[in-house]
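The values are calculated or read from the model by the stated rules, or taken from the named source; none is laboratory data. None of these values were measured; they are calculated from a predicted model. Quick reminder, even Gly has a Cβ in these numbers, built from the backbone with ideal geometry, and neighbours come from all protein chains shown. SASA here: full protein model, heavy atoms, side chains in, ligands and nucleic acids out. Shrake-Rupley method; radii C 1.70, N 1.55, O 1.52, S 1.80 Å.
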Amino acid sequence: MPDKRVIKTKNSIRTALLYLLEDKEFSKLTIRELAETAGINRKTFYLHYSSLDDVMEELRRDILLTAGGIIEKLDFLSADFSEEKAGAVLSGALSRNRKLMRRLLDLKRYGELISGVQGSVRNAFAEYYSTTYGLDEDILRVCAEYLTRGMMGAYKAWLDEEEKMPLQELIKLMCRLTMPGIRSVLKEAAFMN
């Protein structure tokens, strides 16, 4: 079981990094500044990370793990799939990561990070459905591209508009717009297989 102090310290460092990135480019940040903002000393920082890049890489990995878990839970071809179940899965992920996603999506410098996450999600989606159901990877990549870009775009627009619509309403709308079409294409591809 991980040490709660380590988890707390790492979370403080990551939160401080995201806070600092609101006003400053990543390349101009210093470990001293990050440690001070996190309420720790530099020595403590180096117990957990060797560089600022390591912190950013860990953030990226956490996003990818979350995305991978979502893909497995959103099995469009399972008998018990429903928009409500999909909405619950998305709600859990988006609620948990709202602060992180807001900061990352607002940071123009990290467009490549978000693109990398979208690419990884797209590839994981294609791999899951090609491995599990033997579906054509070209069709799967198009479906995944549509799904990730559409949902990320809608989520970013929602964040930019100061979250005027309740999150649950946004998720329900995104599911209604995307899930039936994606499911239909995947079912057709599975039938043709």
### Task
Specify which of the listed residues (Y49, Y19) is at pLDDT 90 or above, surrounded by 11 or more Cβ atoms within 10 Å (Cβ to Cβ) and of a type outside the set (A, V, I, L, M).
Y49
### Task
Sort out which residues of region 65-78 are at pLDDT below 85 and closer than 19 Å to T131 by Cα, and write them in order of number.
L65, A67, G68, G69, I70, I71, E72, K73, L74
#### Entry: Filtered residues of region 128-180 (kept if of a type in the set (V, I, T), in contact with a Lys or Arg (Cβ under 9 Å, 6 or more places away or on another chain) and over 13 Å from L74 (Cβ atoms))
none
### Query
Any chance region 171-187 includes a residue that's among the basic types (K, R), part of a helix (DSSP H, G or I), open to solvent by less than 70 Å² (accessible area, probe 1.4 Å) and under 18 Å from S115 (Cβ atoms)?
no
### Message
So, D54, is that one closer than 20 Å to K8 by Cα, assigned to a helix (DSSP H, G or I), at pLDDT 85 or above and under 19 Å from the mean Cα position of the chain (by Cα) or not?
### Response
yes
### Query
In this structure, does I40 turn out to be under 18 Å from D62 (Cβ atoms) and either β-branched (V, I, T) or not in a helix (DSSP H, G or I) (or both)?
no
#### Entry: region 135-153, subset under 18 Å from L167 (Cβ atoms) and surrounded by fewer than 16 Cβ atoms within 10 Å (Cβ to Cβ), residue modelled with the highest pLDDT
G150
#### Entry: Every pair of residues 6+ apart whose Cβ atoms lie under 7 Å, when the first sits in region 144-165 and is under 24 Å from Y129 (Cα atoms) while the second is among the charged types (D, E, K, R) and part of a helix (DSSP H, G or I)
A144/R122; E145/R122; T148/R122
### Query
surrounded by fewer than 12 Cβ atoms within 10 Å (Cβ to Cβ), at pLDDT 85 or above and either within 22 Å of L173 (Cα to Cα) or charged (D, E, K, R) (or both), is that true of K99?
no
### Query
Right, E162: within 21 Å of the chain's Cα centre (by Cα) and part of a helix (DSSP H, G or I) or not?
no
